[in-house]
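Notes follow once the structure below has been shown.
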Amino acid sequence: MNTNYSPGIGNAPFGNTNANPQASQYAAISGYTPDETILLAKAIKRAIFDAAPAQYNALKLLYAKPFEEVNGDEFSYLEQTFGRSVLTSNAIVAGVAAVVGVPASQVLTLTAASMAFLTVDLIIIYPDNTKGVIRSVNAGLNQITVESQTSAALPAVAVGDIFATQSTIVADAATDFSNYERMEVIERYNFVQFFLRAARWGKIELTKFENMGTTNYLAIDKEQKLKQLRVDLFNSFFNGQRGEFRIASGQPAKAMGGIYPIMVAAGSQNANPTIAGLKATFEALAFATNYKAEGATRFIYGTEEMLYELSKVFKEPGIRYTPNDEIANLNLMEYRIGTMRFVPVNCELFREASCFPADWKRKLLIIDQETITPIKMKGIEAMNIGGSTLDKGSNGTREGFKDWYVEAQLSLQMNNPLSSFWIDVQ
């Protein structure tokens with residue numbers, strides 16, 4: 001038998017070597033010389049694999065709360081202040097010795113921010129717990145005159161000393177009121193942002209894909225638009241910068257403010273510890289921002305890596321866990337510090353360079369979710385999925401294409417950003 005003979009016609013032998021479909025990757029490799037044939041369809045997995053991130057728990061938490069509607073694409077909301085301010089010294093003042101039968105007196109110069117809620121007849125507390133009463137206020141110079149209790153001294157004061165406000169005080173048979181005040185409010189505002197993802201198909205092109213498609217490309221393409229829209233919402237929810245952009249048409253468009261920029265603008269507390277200092281920093285900021293009712297929950301948003309690091313530092317004797325802790329796999333379901341509760345939420349998109357700056361992969365956002373309300377404009381759906389335009393031949397239109405699109409709108413209201421904080425881990 002001639003073992004070197006390959007059956008075929010002339011110099012075109014039969015066999016697997018030339019059994020390659022058109023656009024074969026094997027046939028395209030340099031140095032190989034196989035043929036391609038129109039008789040074979042390229043083998044393509046029918047369902048295209050979806051490698052998009054699946055961590056959208058943050059959006060689930062957002063959309064679990066009912067949207068509030070506003071009439072336009074911008075809105076304001078008012079926030080009641082605490083009604084007291086920390087009093088900070090802005091000058092050195094010498095101490096005053098006690099004199100029996102009379103009060104000691106000092107003139108204190110304070111920072112401008114300290115003057116917001118001051119009136120006469122308020123008892124203030126010095127850093128060493130000495131008490132004094134405000135006898136007069138000079139708003140133009142940011143100064144107050146303070147007197148001690150009868151026969152008591154007043155201590156020396158340094159720049160940066162902090163005073164607390166204890167209470168008002170009145171005497172019998174007064175003929176007027178001295179403690180006049182009105183509630184102060186802070187006005188915050190935001191814009192409603194509109195989002196759109198679309199695909200355009202020529203009428204003939206689309207028909208070919210529908211008739212001759214070898215995969216579920218059209219269906220997956222639509223799903224991809226929706227997923228990218230969700231990513232748009234996710235990114236803007238956390239990091240949107242309130243303002244205006246001029247889009248390609250030259251028209252102005254309003255952009256929403258997200259959680260992190262709102263916190264930065266409001267002066268929310270933050271820190272940048274190393275891993276070694278993460279636990280102490282977290283605990284200190286948690287207590288400093290604890291405006292919630294006993295047992296209420298805040299959420300910790302971060303990458304899997306940062307949540308893992310946080311879970312490790314809290315796995316120590318004395319830390320209380322809830323009954324459903326998942327200690328074995330190092331994914332805590334809940335942290336408890338005193339009466340405070342914290343639930344970690346995985347946000348792997350924080351590490352995605354196409355979505356967030358590089359430092360976000362080591363950022364932890366600790367959010368009081370109850371202070372956040374999703375906002376939409378009245379009369380327009382929060383999200384419109386599956387919309388498409390008409391093409392030529394449909395109801396008289398002459399457009400030779402069809403657009404498929406998904407659109408959404410989103411904004412948020414965040415009250416008391418000071419009850420939330422963030423940590424940038426070094």
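For segment 203-220, the count of residues that are in contact with a strand residue (DSSP E or B) (Cβ under 6 Å, 6 or more places away or on another chain) and not aliphatic (A, V, I, L, M) is zero. With respect to the stated conditions, Val157 is in contact with a Phe, Trp or Tyr (Cβ under 8 Å, 6 or more places away or on another chain), aliphatic (A, V, I, L, M) and either buried (at least 17 other Cβ atoms within 10 Å of the Cβ) or touching a residue at least 40 places away in the same chain (Cβ under 8 Å) (or both).
Residues in segment 388-410 that are under 30 Å from Glu68 (Cα atoms) and not in a loop (DSSP other than H, G, I, E, B): Ser388, Trp404, Tyr405, Val406, Glu407, Ala408, Gln409, Leu410.
Scanning segment 249-299 for residues that are assigned to a helix (DSSP H, G or I), crowded, with 17+ Cβ neighbours inside 10 Å and aromatic (Phe, Trp, Tyr) yields Tyr260, Phe282. Scan segment 210-220 and tell me whether some residue there is assigned to a helix (DSSP H, G or I), assigned by TED's automatic domain parsing to the domain that holds Phe356 and at pLDDT 90 or above. For segment 210-220, residues assigned to a helix (DSSP H, G or I), assigned by TED's automatic domain parsing to the domain that holds Phe356 and at pLDDT 90 or above: absent.
The set of residues in segment 237-283 that are among the charged types (D, E, K, R) and under 23 Å from Lys376 (Cα atoms) comprises Arg242, Glu244, Arg246, Lys254.
In segment 320-332, of all residues being in contact with a Phe, Trp or Tyr (Cβ under 9 Å, 6 or more places away or on another chain) and surrounded by 14 or more Cβ atoms within 10 Å (Cβ to Cβ), the one that is modelled with the highest pLDDT corresponds to Leu332.
The values are calculated or read from the model by the stated rules, or taken from the named source; none is laboratory data. On a predicted model such as this, the values are computed, not experimentally measured, just so you know. Heads up, the Cβs are rebuilt from the backbone with ideal geometry, glycines too, and the neighbour counts pull from every protein chain shown.
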